[in-house]
Amino acid sequence: MSILQIPTAKAFQPLLEPNRYRCAHGGRGSGKSHFFAGLMVEELLRNPKKRFVCVREIQKSLKESAYRLIADKIAAYDLAKYFRILNDRIETSNGGLISFIGMQDHTSESIKSLEGYSAWVEEAQTMTSKSLEMLRPTIRADGSEIWFSWNPRLASDPVDKFLRSANVPPNTAIVEANYCDNPWFPKELEAERKFDKQHRPDRYGHVWGGEYEPQAVGAIWTMRDINEGRVQERPNDLKRIVIGVDPAISSKEDADEHGIIACGVSEAGHGYVLEDASTRGTPEKWGRRAIALYDYYSANCIVIEKNQGGEMCKHVIDSIRPGIPVVLVHASRGKHVRAEPVSALYALGRIHHVKDSPQLEAQMCQVTAQGYEGSGSPDRVDALVWAMTELFPDIKGKQSIVNRPTVAEMDYEVSGYESNLYRGRQSVAIGE
């Protein structure tokens, strides 16, 4: 019996023990893919009958997969006699297998063929909610694992919401790894990194530091403007507060969100984003959430985009509590066209976010003059734009609040409202 020594960066040490989810996120040059490719080879040496699938959201050819990287690891470790490198898969001599798929090519039925596998999700930042929901229950054999590696893009991406939120699944090991954690970081990449640090400072943190994407190219909002205007407390002189609502057209689990944003304007003419309370669910759910926000901030009205539901949007609020002032607005122009006047207020330093709203801000920085560059619909941004347009009527013609009776006294509970180097060597025994 011989011993294979696999050099491993210290940053990945927490991922050496078995877990349902083993995850690594970070910037370019961190060695994430190299670690998981080596780990997969190691697992197949320990258990030659094991089956793995390497997953991407979109995979048009094997060139876009980890196929070549894994094959290179097998060659580098001098393990060719234990593996067969075929045109579309990699096999072991004892029935083990590594296959490569794109989730976009599968349905909930076709993916059932992977029930006996463990999985490595590459470039996980591109995976959709639908694909993630299909994959997780499919990989369900005893002791099966799902590995994720990704360069963070947006806080709203499904993989980040799943693995970097306040509620991380049990049996999860997750690490952040960047170029500085890679003891084999090549000098060619070091030259690229230094160039970006000097000449592309706005992109440096995302590319090399694993930070969220600051903005799409040509974005009408920038994180710089948002951060410069950020405050930790709302002022006491808010003269008007409104709740912006952009309802989704569906209440299914994988539907777009209902954008619900509380905003106010001060006596000095500055706008404030008070809270992002967006949600998914039925019309009654978004209606109750909007009313809870209305009560919490003692708002003046609720502003609702009515394109999808017409008068039914107002009926949702009326059915829960008649009498709340409602402004119905109609979208006659494109999202980015409506958003540009509001983004101009940010550039002038007149809009301030109270604390952080990461998912809203991620959407904002994906809106360009050509449209929305993110996935899905920017419902949070739409709600923000409706609210700010109501608070700053000079942006667009003044819209009047529907004349309504005084707020009715009804029993309504808001108590349920819910207002972030080199380790050494692994030793793997190889049976002769």
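The values are calculated or read from the model by the stated rules, or taken from the named source; none is laboratory data. Just so it is clear, the structure is predicted and the values come from calculations on it, not from any experiment. Positions of Cβ are generated from backbone atoms using ideal geometry, with glycine treated the same way; all protein chains shown enter the neighbour counts.
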Strands (runs of 3 or more DSSP E) contained entirely in the stretch 1-62, each with at least 3 residues that are modelled with pLDDT under 95 and within 20 Å of residue 80 (Cβ to Cβ): 2-9
Which listed residue, of 94, 19, is of a type in the set (S, T, N, Q), surrounded by fewer than 22 Cβ atoms within 10 Å (Cβ to Cβ) and under 27 Å from residue 134 (Cβ atoms): 19
Leading residue by the ranking (surrounded by the most Cβ atoms within 10 Å (Cβ to Cβ)) among those in the stretch 104-122 that are touching a strand residue (DSSP E or B) at 6+ places or on another chain (Cβ under 6 Å) and either under 21 Å from residue 160 (Cβ atoms) or hydroxyl-bearing (Ser, Thr, Tyr) (or both): 121
Flag for residue 240 being at pLDDT below 90, more than 21 Å from residue 377 (Cβ to Cβ) and basic (Lys, Arg): no
Residues within the stretch 339-374 that are farther than 21 Å from residue 265 by Cβ and buried (at least 16 other Cβ atoms within 10 Å of the Cβ), tallied: 10
Where a residue in the stretch 60-73 is within 15 Å of residue 104 (Cα to Cα) and its partner, wherever it lies, is surrounded by 12 or more Cβ atoms within 10 Å (Cβ to Cβ) and among the polar types (S, T, N, Q), with Cβ under 9 Å and at least six apart: 65/59
Some residue of the stretch 203-213 being in contact with an Asp or Glu (Cβ under 7 Å, 6 or more places away or on another chain), of a type in the set (A, V, I, L, M) and in a strand (DSSP E or B): no
Residues within the stretch 54-72 that are surrounded by 22 or more Cβ atoms within 10 Å (Cβ to Cβ) and not small (Gly, Ala, Ser), tallied: 5
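This table checks each residue for (1) touching a strand residue (DSSP E or B) at 6+ places or on another chain (Cβ under 6 Å); (2) aliphatic (A, V, I, L, M); (3) over 28 Å from residue 357 (Cβ atoms); (4) not in a loop (DSSP other than H, G, I, E, B).
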position	(1), (2), (3), (4)
125	yes, no, no, yes
132	no, yes, no, yes
147	yes, no, yes, yes
154	no, yes, no, no
166	no, yes, no, no
173	yes, yes, yes, yes
183	yes, no, yes, no
